[in-house]
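The values are calculated or read from the model by the stated rules, or taken from the named source; none is laboratory data. This one's a predicted model, so the numbers in the text were calculated from it and none came from an experiment. Counting neighbours? That spans all protein chains shown, and the Cβs are built from the backbone with ideal geometry, glycine included. Heavy atoms of the whole protein, side chains included, go into the accessibility calculation; ligands, DNA and RNA do not. Shrake-Rupley method; radii C 1.70, N 1.55, O 1.52, S 1.80 Å.
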Amino acid sequence: MRWQLHNYLLSNFLGVAILGFVLGLNLSPRVQLIFTIGFCSSLTTFSGWIWDVLELMRSGFFFRGVVMLCSTLMGGILILSLGFWIGKKMSYLFHP
């Protein structure tokens, strides 16, 4: 799925959104492991993202690299929180 997106930022944000959502649902530990470690870790790509940041900095775009680093981290935290909140609100569907 990550390769089809062709975008590290999009795949990382989608992965943290799914991660937050699944953790917010408060499912069984086994289901959480399948989604969090199995699916989300294969969807997100920390190494590719860090490589892009390093390449920007090495190419003379240090400020752009720092902005990419900070905005991705902050955006990831916000999207994770949003996914978690949505999962909490929808958890009643899985735990009547």
Out of (1) open to solvent by 40 Å² or more (accessible area, probe 1.4 Å); (2) farther than 20 Å from MET1 by Cβ, the one GLY24 does not meet is (1)
Residue ID - nearest to the chain's Cα centre (by Cα), chosen from residues in the stretch 5-21 that are in a helix (DSSP H, G or I) and either farther than 19 Å from PHE35 by Cβ or small (Gly, Ala, Ser) (or both):
GLY15
Residue check, LEU73 under 21 Å from ASN7 (Cβ atoms), free of Cβ contacts under 8 Å to residues at least 24 places away in the same chain and not basic (Lys, Arg):
yes
Going through the stretch 22-37 in order, the residues found to be under 13 Å from the mean Cα position of the chain (by Cα) and more than 15 Å from LEU82 (Cα to Cα) are PHE35, THR36, ILE37
Looking at the stretch 7-19, is at least one residue over 20 Å from LEU82 (Cβ atoms) and without any contact (Cβ under 8 Å) to a residue 12 or more places away in the chain?
no
Across the stretch 43-58, what is the number of residues that are of a type in the set (Asp, Glu) and under 14 Å from the mean Cα position of the chain (by Cα)?
0
Take the stretch 78-92 and flag every residue that is over 15 Å from ASN26 (Cα atoms) and without any contact (Cβ under 8 Å) to a residue 60 or more places away in the chain.
LEU78
Under the condition of being hydroxyl-bearing (Ser, Thr, Tyr) and more than 20 Å from MET90 (Cβ to Cβ), which residue from the stretch 27-54 is least open to solvent (accessible area, probe 1.4 Å)?
THR45
I'd like the full set of residues that are in contact (Cβ under 8 Å) with a residue 60 or more places away in the chain and farther than 16 Å from LEU73 by Cβ, limited to the stretch 20-51.
PHE21, VAL22, LEU23, GLY24, LEU25, ASN26, LEU27
